[in-house]
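J.: Mind having a look at this structure? Questions to follow.
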Amino acid sequence: MKKGTHRQWARDVLLGIRLRNSRGRGRRRSGASDSNCSWLSTKRWVDEHLSRGLNADIDKKGRLTLNLPERMNFYRAYEETALHLMAIRKLAQSKSAPRKGYKLASVNMDDLQGISTSAALVLTAELSKWDDEVRQRLTPKPGSWKPEIRDQLFELGFFDLFRNSPELSAEGAEKSANRLVKYIKGRCGDSGKTRLLKEKVVDVVGDGVEKWTFLHSGLDEAITNVSHHAYPVGSGFYGHEKTWYLTGSYDRESKELKIVFYDQGVGIPKSLPVSKIWERVIKLLSGYSEDERKLDKILLKAAVEVGRTSTKKSDRGKGLQDLLEFVRQRRDGYISILSLKGLFKLTLKNGVESIKSESFKYPICGTLIIWSVTLK
């Protein structure tokens, strides 16, 4: 090997310093799903997805207005729903981008024609996270929103998030067949708030809910897992970021009760390798190919399957089984777990179980759990 000159050595050192500095710029403190994403990669991501369904207007100063799609629903319009929610997360983290970067200026909801309970909760959570990033300076402008959307979000408690909210009333919400429970926001260890959810559900349903014990136990476990799994030590999340959101809805015509839980953490597939059930998950994964073992949908399914044979109260699987049992006791309903790019869904029809696993193009930035049962 030829010995380099002093001049070459000096040039290599200077190049190394420049590379380290460029990598350091734009790093975010947050430990969210794309925490290492710089303003430049966010800009490239936006430019790439403008031709893939992302609806946004950008002015000459790089201020971006995100236009939400007409329909936001994780069942009927998953990809476009997840894409726009992901854009909010990415852009909110790039608030300190230089002049060449994109800055999220507003989220336009004028074209929104319909939004599901679960999508409304995740949208509320992501906008709350953005509002925290900009120190509570966001102002909702519902003047041009569809009245049904405004009433739905009003009943959810959406406007209570913001310091600068307009004074509204939503008489239409009382007349709607689908009643929403005002969302509950909690942090690690706030498991006692599930009692508050029960009180609110009873107010909406108008009667007690049989087998609530299973749902209460499962929700408590889900909230406990936020502390241990969704926001693990070393993931970069600060105390005020370790939050979860919970809501419910009841359709007075179909008698469908839906409970929705969402956290903005690392996601179940990423947290499994450091969990207490990982060794048993590995055994289940042995039946899959090497590529399949990396899929979020396979990891989600494995986590649930391990829980079916687990009796240890400290395991995540025990909580999942209580949640599944709440649906089984009703014989009709489903539980959906969406985390990162994976879906696990167990459906019961007249007591007969069916399981569905699916992979998506765009991720949920965290974990979303939905329970739906029919109250007879």
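J.: Report the FRET efficiency, 1/(1 + (r/R0)^6), for Glu292 and Thr347, where r is their Cβ-Cβ distance and R0 is 22 Å, rounded to 0.05.
T.: Working: r = 23 Å, r/R0 = 1.03.
It comes to 0.45.
J.: Sorted by accessible area (1.4 Å probe), largest first, how do Phe154, Phe162 line up? Working shown, then result.
T.: Details: Phe154 80, Phe162 20 Å².
Output order, biggest surface exposure first: Phe154, Phe162.
J.: Mind running the shape call on the range 231-285? Use the C-alpha gyration tensor, a ≥ b ≥ c as the square roots of the eigenvalues: rounded below 1.5 for a/c, prolate if a/b tops b/c, oblate otherwise. Intermediate results must be reported in sequence, preceding the final value.
T.: On the way: a/c = 5.12, a/b = 1.53, b/c = 3.34.
Verdict is oblate for the range 231-285.
J.: Next up: With N residues in the range 179-281, what two-decimal value do you get for its Cα radius of gyration over 2.2 N^0.38 Å?
T.: Working: Rg = 15.3 Å, N = 103, 2.2 N^0.38 = 12.8 Å.
Cα Rg divided by the expected 2.2 N^0.38 Å: 1.20.
J.: Moving on. Going by the alpha-carbon gyration tensor, a ≥ b ≥ c the square roots of its eigenvalues, is the range 330-376 rounded (a/c under 1.5) or, if a/c is not under 1.5, prolate (a/b greater than b/c) versus oblate?
T.: Working: a/c = 4.56, a/b = 2.06, b/c = 2.22.
Oblate.
J.: Would you work out if the range 108-206 is rounded, prolate or oblate? Take a ≥ b ≥ c from the square roots of the eigenvalues of the alpha-carbon gyration tensor; rounded if a/c is under 1.5, else prolate when a/b is larger than b/c, oblate otherwise. All intermediate terms of the calculation are to be shown ahead of the outcome.
T.: Details: a/c = 1.93, a/b = 1.09, b/c = 1.76.
Since a/c reaches 1.5 but b/c is at least a/b, the shape of the range 108-206 is classed as oblate.
J.: Let me ask something else about it. Rounded to the nearest Å, what's the spacing between the alpha carbon centres of the range 219-287 and the range 39-58? Just the number, please.
T.: Here the two parts' Cα centres lie 29 Å apart.
J.: If I model a spin label as a point 7 Å beyond the Cα along the Cα-Cβ vector, how far apart are those points for Ser357 and Leu40 in nm?
T.: 3.9
J.: Further question on the same structure: State the extension gain, in nm to one decimal, for the chain segment bounded by Gln136 and Arg187, taking 0.36 nm per residue of separation less the distance between their alpha-carbons.
T.: Values: separation 51, 0.36 × 51 = 18.36 nm, distance 1.83 nm.
Gain on extension, Gln136 to Arg187, equals 16.5 nm.
J.: Extending each Cα 7 Å along its Cβ direction at Asp203 and Lys60, get the distance between those two points in nm, one decimal.
T.: If labels sit at Asp203 and Lys60, their model points lie 5.1 nm apart.
The values are calculated or read from the model by the stated rules, or taken from the named source; none is laboratory data. Because the structure is predicted, anything quoted here is derived from the model rather than measured. Glycine gets a Cβ as well: all are built from the backbone with ideal geometry, and neighbour counts include every protein chain shown. Surface accessibility is based on the protein's heavy atoms, side chains included, excluding ligands, DNA and RNA. Shrake-Rupley method; radii C 1.70, N 1.55, O 1.52, S 1.80 Å.
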